[in-house]
There are 2 protein chains.
Amino acid sequence: MLRKLLFLLAGILIYYSRYSSVVVAAVGFAIIGYIVTDNLIPRVGPSFIKIGLFGKDLSKVGKPVLPECIGAVSATVYLFIMFFYIPFIFYRYLVTVTSGGGQRDVAVDQWPIDGPSYSVFPHSRLSEYLSSTLCLESTILLGIADDLFDIRWRHKFFLPAVAAIPLLAVYYIDFGVTSVLVPGFMQNWLSKCMFFLHEKGIVETPINITSIDLKGLYYMYMASMAIFCPNSINILAGINGLEVGQSIVLGLLALINDTLYMTLGSETTKNSHRFSIVLIIPFLGVSMALFKWNKWPAKVFVGDTYCYFAGMVFAVVGIQGHFAKTMLLLFVPQIINFIYSVPQLFNLVFCPRHRLPKFNESDGLLYPSRANLKENPPKTFFIPILKVLGFCHLIDLEIDDKTGQIISCSNMTIINLMLVWFGPMREDKLCNLILSCQFMIGIAALVLRHCVGSIIFQHDNLWTIK
Amino acid sequence: MLRKLLFLLAGILIYYSRYSSVVVAAVGFAIIGYIVTDNLIPRVGPSFIKIGLFGKDLSKVGKPVLPECIGAVSATVYLFIMFFYIPFIFYRYLVTVTSGGGQRDVAVDQWPIDGPSYSVFPHSRLSEYLSSTLCLESTILLGIADDLFDIRWRHKFFLPAVAAIPLLAVYYIDFGVTSVLVPGFMQNWLSKCMFFLHEKGIVETPINITSIDLKGLYYMYMASMAIFCPNSINILAGINGLEVGQSIVLGLLALINDTLYMTLGSETTKNSHRFSIVLIIPFLGVSMALFKWNKWPAKVFVGDTYCYFAGMVFAVVGIQGHFAKTMLLLFVPQIINFIYSVPQLFNLVFCPRHRLPKFNESDGLLYPSRANLKENPPKTFFIPILKVLGFCHLIDLEIDDKTGQIISCSNMTIINLMLVWFGPMREDKLCNLILSCQFMIGIAALVLRHCVGSIIFQHDNLWTIK
């Protein structure tokens, strides 16, 4: 009953979006996405197990077998929402005469009847939208390949860059801007350099450099954005609901940033952020349905497909909306997690095969897992650093009182660090704690970005310092 | 060595395509597609078997186990060719000023330096191209889902229509022409009707109807095209090399038709057929590599993914190029096969679980497989029809001399019919025979289309009857 009412509501929202804004249609499609995903997951679960896509939940009594890779369902539903979306968010061309053979002769932008001009996107944005969809679909395809074939780590690290090719190719022929602004203080510095070179006779006329054309480097930068976002979500994982939860928090933070621009920003930036909103709201819809099934106690696992897909949504939004730097700021918790993991990832400190927290069946709580450093001592130069970290409570060290040798340390992930700081706790509490921290850090990053950013660049897209 | 030379050749072709035509780039990418696919197939085969994607080749001694669903490799390679293609076949926008926030302010079509104007597609065709790619990628995704989960027949029949949604959605907002020409003789007839209605006072002014706007029906028509092509390739299957072989023949026939238009046709139709050429040539490249591995004696099976994908390539080309009717003509052999199968598909005649030809281990030849009609007699009204078919040598009947009852008949597929007509033969000979017939019928259909078509519509896109 509730489901039918929700469907009706979604239908009404989508229908009336033409009189208000594409954002209304986005909310409608998000509701549909939620209902469809929520319905599909329990139905397809057994089929996934049947073809061998399953895993054991190690942090539960009895280690139950759960279907793996269920995030592919959310991702596919999202994709079809993107398709059905198209007629609701773009102007229509009205073709009045054709000379046959598929030639478009007279093309007139038909504005929506009675609709205000800001309600839909201009037709020229269509190729941008389609290339984003292509990029996401390729990500899903490669994610599924990874879940099926268990591609080697060093290969799968670069997979998202491959999926980003349609995005970059269309960017190249459709937009092609590869310049970045130079921060104010560097502009002065560069001017002085230029003037110096001019005096020496190396440069004929000193020019004022306000932006630098990165050319090929800009595409490298976009590709690395596409590599970074999916992998960083994939790394902060391992307890029920964390992958989806952090994606939802990221989505909410991005929405807050967009809302800021939509209310305070200039007209020119509004379109980019409307585009971002339109992609993120339905993403939240399908993700919440997945979260319902993946949160503690999990009924399904999300799989690499979802991590890649979710990361790519943010990469695409950042790249297409030209606020990739702001987007990176929202990933600060993931970046911290990566940096904190580096000593183990690069084998400065022994890295056991699994670094998940240890589940204690008797009290049902998670305890920090530990790396045995007695048999595998860390690199000599790193021992003092470990001790400093231990002194700052950034790691839990077990030290032999007699020899002063480090016997073991807690594994270096944010998840274990939380358990070190706040003591053993149940899986759902741990997940909520991490998500809350992530949200607080994200909000702080946004505040900093709009205050400090405006000082460095001497103006912010939101306001200008006079 | 040869491979390196081919790669070099492909590179040169692609590089110099900017001075000649996109068709040259297409050939270059086709060569790359062939080499990459040919290299990948033997490498990924074992991984496919490992995750359970394999099948037994029943028409060989010892029934060897072969990897299944390898067509997904060709399809994926094709997809990435489509991505890398983009910068080589479209004009670039040159953006000189941006106001920040991802706004395109001044957009100038930059023509290729020193290149003739016909060398690349206009930028406005980009969304068409991207929606085609999206449609193909969705087809692959759904095809893989089918190969993995063995979706039920009645569900999978409609899968291609789902994959065609991006195509239809973009057609709706980007082109939106839903009118079809009315044939000449019907125009006269309709005029008379109109005049009659006018005299009766039902219609105020008699108008001359030259085209009819099908509106929603046109989208139904496109969707059914998307359902028809993939499924018809999927039905004519079962012996080594036949699925890929028939797709290659279809591609060649479509290319012949395109070449006809490119040399004789008017300027307006040339663009559509250039688009078709650009999609089909690389398709031939990846398909030929697959054919090399799938032809008798097969080392791999192609799987449903390839059949869907190949069919969708032709559906997309037909729909986007607005020559869906001509495209359907090329599918005449598949249509004949379907109609011939109808009595068994709808259970008028008993249909055994497998209708593949019977393999005789002693002489290595294929014999027509038979349906036992003694235990499962056909519907009474159909018995005379069966006898007529038998009389015309369109089926092989075994009749009880005493009672006149039909004991068994050869299974009703083109493959079995060929064996009935030409006697038992080896699998590769049978495949070649069917492909040759298909090619001859296709050529005949093209000749008929341009002769008879011009009479019915009183003009043909190729020439006009004066």
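Listed here are the residues, each with its yes/no results for (1) in contact with a Phe, Trp or Tyr (Cβ under 6 Å, 6 or more places away or on another chain); (2) hydrophobic (A, V, I, L, M, F, W, C); (3) more than 24 Å from A:Val332 (Cβ to Cβ); (4) in contact (Cβ under 8 Å) with a residue 24 or more places away in the chain.
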{"site": "A:Arg355", "(1), (2), (3), (4)": "no, no, no, yes"}
{"site": "A:Val420", "(1), (2), (3), (4)": "no, yes, no, yes"}
{"site": "A:Leu435", "(1), (2), (3), (4)": "no, yes, no, yes"}
{"site": "A:Ala444", "(1), (2), (3), (4)": "no, yes, no, no"}
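Every condition in (1) closer than 21 Å to A:Leu279 by Cβ; (2) assigned to a loop (DSSP other than H, G, I, E, B) is met by A:Val61 except one, and the failing one is (1). Across the stretch A:315-365, the number of residues qualifying as surrounded by fewer than 18 Cβ atoms within 10 Å (Cβ to Cβ), among the aromatic types (Phe, Trp, Tyr) and closer than 14 Å to A:Leu253 by Cα comes to 0. Scanning the stretch A:241-271 for residues that are crowded, with 24+ Cβ neighbours inside 10 Å and in contact with an Asp or Glu (Cβ under 9 Å, 6 or more places away or on another chain) returns a single hit, A:Gly241. The residues listed here are B:Ala145, B:Ala169, B:Ala163; of these, the one that is closer than 30 Å to A:Gly52 by Cβ, at the interface with chain A (Cβ under 9 Å from one of its Cβ atoms), of a type outside the set (Val, Ile, Thr) and surrounded by 17 or more Cβ atoms within 10 Å (Cβ to Cβ) is B:Ala145. Only helices (runs of 4 or more DSSP H) whose full extent lies in the stretch B:321-414 are considered here, and the ones with at least 3 residues that are under 30 Å from B:Thr259 (Cβ atoms) are B:324-330, B:332-345.
Kindly evaluate A:Ile151 against the criterion of being within 10 Å of chain B (Cβ to nearest Cβ), over 14 Å from A:Met225 (Cβ atoms) and not charged (D, E, K, R). Yes; evaluated as a whole, the condition is true for this residue. If the condition is being touching a strand residue (DSSP E or B) at 6+ places or on another chain (Cβ under 8 Å) and over 26 Å from B:Asp150 (Cβ atoms), then the stretch A:27-63 contributes A:Asp57, A:Leu58, A:Ser59, A:Lys60, A:Lys63. Could you check the stretch A:128-174 and list, in sequence order, the residues that are over 22 Å from B:Leu126 (Cβ atoms) and outside any helix (DSSP H, G or I)? Correct list: A:Asp150, A:Ile151, A:Arg152, A:Phe157, A:Phe158.
The C-beta contact set for the stretch B:184-206 (first residue in contact (Cβ under 8 Å) with a residue 60 or more places away in the chain, second residue of a type in the set (Ser, Thr, Tyr) and surrounded by 12 or more Cβ atoms within 10 Å (Cβ to Cβ), distance under 7 angstrom, 6+ apart or interchain) is empty. For the stretch B:186-204, the criterion of being touching a helix residue (DSSP H, G or I) at 6+ places or on another chain (Cβ under 8 Å), charged (D, E, K, R) and within 14 Å of chain A (Cβ to nearest Cβ) is met by no residue.
Please determine whether any residue of the stretch B:187-197 is of a type in the set (A, V, I, L, M, F, W, C) and either within 30 Å of B:Val286 (Cβ to Cβ) or not in a helix (DSSP H, G or I) (or both). Scanning the stretch B:187-197, I find no residue that is of a type in the set (A, V, I, L, M, F, W, C) and either within 30 Å of B:Val286 (Cβ to Cβ) or not in a helix (DSSP H, G or I) (or both), so the answer is no.
Of the residues making up the stretch B:73-86, those that are more than 9 Å from chain A (Cβ to nearest Cβ) and either surrounded by fewer than 24 Cβ atoms within 10 Å (Cβ to Cβ) or more than 20 Å from B:Glu128 (Cα to Cα) (or both) are B:Val73, B:Ser74, B:Val77, B:Ile81.
Looking at A:Asn257, A:Asn234, A:Asn271, just one residue is in a helix (DSSP H, G or I), under 29 Å from A:Asn411 (Cα atoms) and modelled with pLDDT under 95, and that residue is A:Asn234. Can B:Met220 be described as assigned to a helix (DSSP H, G or I), surrounded by fewer than 15 Cβ atoms within 10 Å (Cβ to Cβ) and assigned by TED's automatic domain parsing to the domain that holds B:Phe283? Against the criterion (assigned to a helix (DSSP H, G or I), surrounded by fewer than 15 Cβ atoms within 10 Å (Cβ to Cβ) and assigned by TED's automatic domain parsing to the domain that holds B:Phe283), B:Met220 qualifies. Just one of the numbered conditions (1) modelled with pLDDT under 90; (2) at the interface with chain A (Cβ under 9 Å from one of its Cβ atoms); (3) part of a helix (DSSP H, G or I) is not true of B:Val177: (3). Candidates A:Ile227, A:Ile239, A:Ile212: the one that is farther than 30 Å from A:Ile281 by Cβ and either aliphatic (A, V, I, L, M) or not in a helix (DSSP H, G or I) (or both) is A:Ile212.
Residue by residue, here is whether (1) within 14 Å of another protein chain (Cβ to nearest Cβ); (2) of a type in the set (A, V, I, L, M, F, W, C); (3) within 28 Å of B:Leu148 (Cβ to Cβ); (4) over 18 Å from the mean Cα position of the chain (by Cα) holds:
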site	(1), (2), (3), (4)
B:Tyr261	yes, no, no, yes
B:Arg274	yes, no, no, no
B:Leu279	yes, yes, yes, no
B:Pro282	no, no, yes, no
B:Gly285	no, no, yes, no
B:Pro297	no, no, yes, yes
B:Val300	no, yes, yes, yes
B:Val342	no, yes, no, yes
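The values are calculated or read from the model by the stated rules, or taken from the named source; none is laboratory data. Only a predicted model underlies this, so the values are computations on that prediction, with no experimental measurement involved. Neighbour counts run over all protein chains shown; Cβ positions are idealised from the backbone, glycine included.
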